[in-house]
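The values are calculated or read from the model by the stated rules, or taken from the named source; none is laboratory data. Just so it is clear, the model here is predicted, and its values are computed rather than measured. Neighbour counts are summed over all protein chains in view; Cβ atoms, including those assigned to glycine, are modelled from backbone coordinates with ideal geometry. Keep in mind that these areas ignore ligands, DNA and RNA; they rest on the heavy atoms of the full protein, side chains included. Shrake-Rupley method; radii C 1.70, N 1.55, O 1.52, S 1.80 Å.
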Amino acid sequence: MDSRLRLILRPLARRGSGVHWLPLLAGTLWGSVFPALQFALRELSPYQIALLRPLLGTISLGVVLWFQGGIPLPSSRGVWLRLAVLATTGGALFWLLQTVAVSASTPVNVAFLVSTYPALLAAAAPIVLKERRHWGAIVGSGVALLGAYLIISKGHLLDLFASQTLRGDLLALTASLLFGAYLLLSRVWATKLRMTTHGLSLSVFALSVPPLALIAAREPFPANLSPVTIAALLWLGIMTTTVAYLAVNAGMAAGNAARSAVHLLIIPLVAAVLSWLIFGTTLTPVQWIGGGLILSGILWSNRGEAPADRRPTRLRPRPRAERP
């Protein structure tokens, strides 16, 4: 991470009230993915949209890094291989399955299923990452997950995995598992990768482009796109890709992974509210209750922090010679 961003994040980490909220920003942006996809799918195929997201992300973040002093490159074959795995799980396959799922199911269903990985992380992080078990995160994720399910079911508990949405729902669930694997692996390999948040995000974007380009090449791109579609693509490529990935990577690196992941359960609430505001979708009282449970779960996940959780985490290890 460059020195200017480090200077911003370090004081926030000392106060214990800034960096670990960055995944909430990422979750809010990712909740807006689903209405934006509805606009873009009117003129483009799911495969074309899945390609354009990392392509625009690579260009936007690459330009920023270029003006900040250069684009970082992986240092060894082992790093390249690990980045390829991360680009596949958290990039190419995730974006592809998520986009196809929206076209085969409903945006709110997909928003819920894609955001189930925080609950998985809360359970897996103490085992895989050797983190102290954070009961606030476990309870908070359970409460928020219940709220998310109330939003998508509207009180009808069998709406999920209904026959007409089964294919899309299963794809969304697979996408959720892949992204959960990406978050866990990026933490497990952090010391081996030794990359900044910017470098990791750019590598994931850039390495996702070639396989997605091969898939999208089967269909011709439209000659002209409407201003609404262009705006949706720019939002998807810059805000929900570049900005959101930088936020979630920085937030995860600076705090407890399980607790940080619970913030991402805001995704279905944002998707439901935006669908209500933009498309006039009715929100039932049960859904509003679900939204309240999501917010309560997120707040609960930040209770009971251990002193170790409040100490700032270095976003990049210093060389051994510099350690006191």
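Annotation: Ile230 carries an accessible surface of approximately 80 Å², with a 1.4 Å probe and no ligand, DNA or RNA atoms counted. The simple spin-label model puts a point 7 Å past each Cα toward its Cβ; for Arg77 and Leu170 those points are separated by 3.9 nm. If we count every other residue with Cβ under 15 angstrom of Leu236's Cβ, Lys/Arg +1 and Asp/Glu -1, where does the sum land? Summing Lys/Arg as +1 and Asp/Glu as -1 gives +1. Distance between the pseudo-spin-label points of Leu234 and Ala213 (7 Å out from Cα toward the beta carbon): 2.4 nm. Remark: accessible surface ordering of Arg82, Arg42, Arg77 (largest first) is Arg77, Arg42, Arg82, probe radius 1.4 Å. Given R₀ = 22 Å, FRET efficiency for Trp21-Lys192 by Cβ-Cβ distance, to 0.05? For Trp21 and Lys192, the calculated efficiency is 0.20. Calculated FRET efficiency, Leu299 to Ala223, Cβ-Cβ distance, R0 = 41 Å: about 0.25 to the nearest 0.05.
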